[in-house]
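Here is the structure we will look at.
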Amino acid sequence: NANPNGLGFFAIVGICSIIVLYIRQKVNFWVMLALSALYVFVGALGVSRTFLFAIVLMFLLLFLFARKNSGGASFGRYFLLLVVMLAAVYLLSHTSFLYDAFESRLTSDIDTMGGRTTVFAAYNNYLFNHPLYLLFGTGAVHYGDVIHEINLSTHNGLQQILVAYGIVGILFFFYITVKALQLCYK
């Protein structure tokens, strides 16, 4: 009963984390491979379009930037990871209920991105009509109790920050993100 995007998000974070641990030689290849396969399976069960696009992009970037002997791993190991992921995709695509669910999610309501553009516009209109909420936000937990006019949750991470914390919060978010990137870059 969890939110499909939430499951997809946790699966992507899990895969990214385990790959970083592997590259830093904190876990062995087989642990990374097993957990990656598990996370792909869990993420696929959520039938999240965002998960599908993020996982494809993440693995493309991994293989694009994988260097020979990156973290002690040969390119052959990355190729084996790719083969296992492709096998998982093949098996999942031949599971009719998952295939049908993804096909439905990818082909229905394309013009409004599954209704997301309508929800996005509704929240923006609400915020611009309520400048105090635009500046300081509605609160992180119960924004649905504050905004009665919109029955659906936001489907955009940055807009979620804007709705919950306002302009003040989103500026702080960008500040700490830039600082974190600068720290990681050094």
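The values are calculated or read from the model by the stated rules, or taken from the named source; none is laboratory data. Bear in mind that the values here come from a model prediction, so they are computed numbers and not experimental data. Ideal geometry is used to build each Cβ from the backbone, glycine not excepted, and the neighbour counts take in all protein chains shown. In case anyone asks, the SASA skips ligands and DNA or RNA and just uses the protein heavy atoms, side chains included. Shrake-Rupley method; radii C 1.70, N 1.55, O 1.52, S 1.80 Å.
Entry remark, region 7-31: residues being in a helix (DSSP H, G or I) and farther than 21 Å from L52 by Cβ number 7 in total. Per the conditions (1) out of contact with any Cys (no Cβ under 8 Å at 6 or more places or on another chain); (2) of a type outside the set (D, E); (3) at pLDDT 80 or above; (4) in a helix (DSSP H, G or I), the sole criterion not satisfied by F59 is (3). Within the span defined as region 23-32, every residue fails to be open to solvent by less than 70 Å² (accessible area, probe 1.4 Å), modelled with pLDDT under 75 and in contact with a strand residue (DSSP E or B) (Cβ under 8 Å, 6 or more places away or on another chain).
Looking at T112, T138, just one residue is closer than 24 Å to T50 by Cα and either open to solvent by less than 100 Å² (accessible area, probe 1.4 Å) or at pLDDT 85 or above (or both), and that residue is T112.
The single condition from (1) modelled with pLDDT under 80; (2) open to solvent by 50 Å² or more (accessible area, probe 1.4 Å) that I147 fails is (2). Taking every residue in region 161-174 that is under 15 Å from P131 (Cα atoms) and pairing it with any residue that is charged (D, E, K, R), at least 6 positions away or on another chain, yields no pair with a Cβ-Cβ distance below 9 Å. I'd like the residue in region 33-49 that is part of a helix (DSSP H, G or I) and of a type outside the set (A, V, I, L, M) and, out of all such residues, is modelled with the highest pLDDT. Filtering first and then ranking leaves Y39. The numbered conditions (1) in a helix (DSSP H, G or I); (2) more than 21 Å from the chain's Cα centre (by Cα); (3) modelled with pLDDT of 80 or more are all true for L158 except (2). What are the residue pairs meeting all of these: first residue in region 123-134, first residue under 12 Å from Q159 (Cα atoms), second residue surrounded by 13 or more Cβ atoms within 10 Å (Cβ to Cβ) and of a type in the set (K, R), Cβ atoms under 8 Å, and 6 or more apart or on different chains? Partner pairs satisfying both residue conditions: none exist.
Within region 163-186, the set of residues being surrounded by fewer than 15 Cβ atoms within 10 Å (Cβ to Cβ) and among the aromatic types (F, W, Y) comprises F172, F174, Y175, Y185.
For every residue, the table says whether it meets (1) of a type in the set (G, A, S); (2) part of a helix (DSSP H, G or I).
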residue	(1), (2)
A121	yes, yes
L127	no, yes
L132	no, yes
V141	no, no
G166	yes, yes
I170	no, yes
F173	no, yes
T177	no, yes
L181	no, yes
